[in-house]
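K.L.:
Submitted below is the structure of interest, expressed as structure tokens.
The values are calculated or read from the model by the stated rules, or taken from the named source; none is laboratory data. For clarity, every value in this text was computed on a predicted model and none was experimentally measured. As a convention, Cβ positions derive from the backbone with ideal geometry for all residues, glycine included, and neighbour counts pool all protein chains shown.
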Amino acid sequence: MIKKVLIANRGEIAVRVIRTCKEMGLKTVSIYSEADRDCMHVKLADKSVCIGPAEASKSYLDIPRIMSAIEVSGADAVHPGYGFLAENPRFAEIVSASNKIFIGPPSHVLELIGDKIRSKEVAKKVGIPLVPGSDGCVDIKEAIDTANRIGYPVVIKASAGGGGRGIRVVRNEKELREKLPLAIEEAKVAFGDGRVYIEKYLINPKHIEVQVLADKYGHVISLGERECSIQRRNQKLIEEAPSISISEEQRKQIEEATIEFCRAIGYEGAGTVEFLMDQDGNFYFMEMNGRIQVEHPVTEMITGIDIVKWQIKIARGERLNIKSVERRGFAIEFRINAEDPNNFMPTPGKIEELYLPGGFGVRVDTHIYCGYAVPPYYDSLLAKLIVWGEDRKSVIRRAKRALEEFVISGQGLKTNIDFHRRVISTREFAEGKHHIKFIEEIMV
Ligand code: MV4
């Protein structure tokens with residue numbers, strides 16, 4: 001049974017989770033650092049525990065402090081949100097060993113999907129296409145042999161990396177000889193695991209991911225794909241569902257591949273399988289993410305399914321009794337960041353004026369309010385604007401309208417609201433021709 005949930009996170013996702021807990025009749029406990037006393041998640045929860053100083057390593061990332069907060073508050077479950085400890089197998093294990101419920105996949109599953117080499121082995125075994133590359137981890141000799149076989153450019157990836165961390169592109173053998181030892185060293189330092197592998201580097205692919213729910217009894221369902229190609233330096237900026245770049249046939253294929261993968265690893269909870277699609281429309285498995293994602297609302301908007309609610313239901317042992325998932329219309333999410341639109345540097349500061357957009361088909365997930373001071377210690381996400389429309393043309397029109405209504409201002413505070421308006425006004429975006437290098441190459 002779950003009666004009281006501790007939310008081991010901050011910002012908009014903590015608020016998002018608290019809202020669903022309340023609707024389910026569950027008590028909520030929030031945790032906060034000394035920099036977050038005035039945060040919305042602290043105000044909304046039934047109870048709050050200060051867990052330490054501003055630095056994340058001494059607060060939101062500090063497992064003993066969070067375990068103490070769970071103990072003193074009497075919470076019986078923990079929702080980790082995204083980032084921080086969300087995919088940390090050790091945290092999941094400690095929570096379970098303390099007879100508390102971790103709202104997420106089991107520790108051993110997090111361990112497996114955190115290991116990109118093992119994940120790719122499973123994907124290969126169940127017949128999911130992989131980018132041509134090395135068979136597992138490589139030393140310098142195997143790396144050169146692989147690159148000669150598949151052709152340059154190739155990409156070096158850290159097995160313990162993911163989400164764009166620990167990736168290096170190399171264009172010839174000389175570069176490979178230089179960069180492979182650096183990549184191994186860097187992976188050892190960053191992840192405590194120096195294993196790296198090689199893949200053919202895809203030119204201007206699209207990033208497409210599939211959202212799943214899986215219960216404890218082997219039922220896995222797909223909630224459809226999201227297209228997340230509008231990003232900069234591995235920070236997604238705009239996500240949408242469904243993708244307008246794939247056919248019904250391709251959709252069926254990636255959804256089936258995703259379900260096969262989740263079955264093979266005994267996945268539990270909400271999760272996402274990431275693919276890259278090359279310019280000829282071929283799909284390749286990249287990795288699986290075992291958390292609620294920032295962009296989950298676009299899937300909620302087209303399916304009407306509350307993904308956080310299902311995370312909790314699955315964690316308390318309920319069966320996935322969703323017969324079929326209807327999908328209706330199109331949804332787009334814009335990440336509104338406190339950043340300078342020219343150099344993308346964070347611009348923390350106090351919010352002095354705030355007008356949120358609203359109206360039919362508009363959802364805003366945010367923790368900010370007038371008078372709130374955005375602290376410099378954490379990520380710069382201020383709000384997510386999610387817009388729904390019957391077809392893609394109308395969702396873009398509605399998005400323009402909602403972005404125009406959106407006002408956030410304050411001393412020194414800048415946002416990327418106008419940048420979003422420029423992106424969705426491009427022909428490439430309208431036609432769905434954007435790819436992962438769109439911002440760097442076209443929006444300069
Ligand atoms: C790639 C790639 C090109 N070729 N793999 C970065 C995130 C990680 N999940 C996979 N990533 C990439 N893998 C091959 N073989 C380009 C990227 C990539 C990327 C992918 C999705 C979204 C944004 C990206 C930004 C830079 C690089």
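K.L.:
Suppose we filter segment 74-118 for residues that are assigned to a helix (DSSP H, G or I), more than 30 Å from V131 (Cα to Cα) and of a type outside the set (D, E, K, R); how many remain?
P.N.:
6
Residue-wise test of (1) part of a strand (DSSP E or B); (2) crowded, with 21+ Cβ neighbours inside 10 Å.
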| position | (1), (2) |
| --- | --- |
| M286 | yes, yes |
| V294 | no, yes |
| G317 | no, no |
| V325 | no, no |
| R328 | no, no |
| I332 | yes, yes |
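Rundown of residues vs (1) within 14 Å of A315 (Cβ to Cβ); (2) among the acidic types (D, E), yes/no style:
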site: A86; (1), (2): yes, no
site: E93; (1), (2): no, yes
site: F102; (1), (2): yes, no
site: G114; (1), (2): no, no
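K.L.:
Take the conditions away from the ligand (no atom under 16 Å from the Cβ), over 21 Å from R233 (Cβ atoms) and among the charged types (D, E, K, R) and apply them to D135. Does it pass?
P.N.:
When the stated conditions are applied, D135 does not pass them.
K.L.:
Can I ask one more? Against the conditions (1) within 13 Å of the ligand (Cβ to nearest atom); (2) at pLDDT 95 or above, where does R251 fall short? Just the number, please.
P.N.:
Status for R251: all satisfied but (1).
K.L.:
Still on this structure, please answer the following. Checking the condition within 15 Å of the ligand (Cβ to nearest atom), surrounded by 20 or more Cβ atoms within 10 Å (Cβ to Cβ), among the hydrophobic types (A, V, I, L, M, F, W, C) and modelled with pLDDT of 95 or more, which residue from V169, V155, V196 passes?
P.N.:
V196
K.L.:
Looking at (1) over 30 Å from L385 (Cα atoms); (2) touching a helix residue (DSSP H, G or I) at 6+ places or on another chain (Cβ under 9 Å); (3) surrounded by fewer than 16 Cβ atoms within 10 Å (Cβ to Cβ), which is the one condition that is false for E249?
P.N.:
With (1) over 30 Å from L385 (Cα atoms); (2) touching a helix residue (DSSP H, G or I) at 6+ places or on another chain (Cβ under 9 Å); (3) surrounded by fewer than 16 Cβ atoms within 10 Å (Cβ to Cβ) applied to E249, the lone miss is (2).
K.L.:
Consider only pairs whose beta carbons are under 7 Å apart and that are at least six residues apart or on different chains; among these, list those whose first residue lies in segment 20-40 and is over 17 Å from R65 (Cα atoms) and in contact (Cβ under 8 Å) with a residue 12 or more places away in the chain and whose second residue is surrounded by 19 or more Cβ atoms within 10 Å (Cβ to Cβ) and among the basic types (K, R).
P.N.:
Here the result reads C39/R10, each pair linking segment 20-40 to a residue that is surrounded by 19 or more Cβ atoms within 10 Å (Cβ to Cβ) and among the basic types (K, R).
K.L.:
Follow-up question, since we're still on this one. Based on this model, can you work out whether A190 counts as at pLDDT below 95, under 22 Å from S57 (Cβ atoms) and more than 13 Å from the ligand (Cβ to nearest atom)?
P.N.:
So A190 passes the test.
K.L.:
Looking at segment 199-230, which of the residues that are within 22 Å of the chain's Cα centre (by Cα) and not in a strand (DSSP E or B) is farthest from the ligand (Cβ to nearest atom)?
P.N.:
D215
K.L.:
Quick one: which residue in K174, K141, K179 is in contact with a strand residue (DSSP E or B) (Cβ under 6 Å, 6 or more places away or on another chain), more than 30 Å from Q250 (Cβ to Cβ), modelled with pLDDT of 95 or more and of a type in the set (D, E, K, R)?
P.N.:
K179
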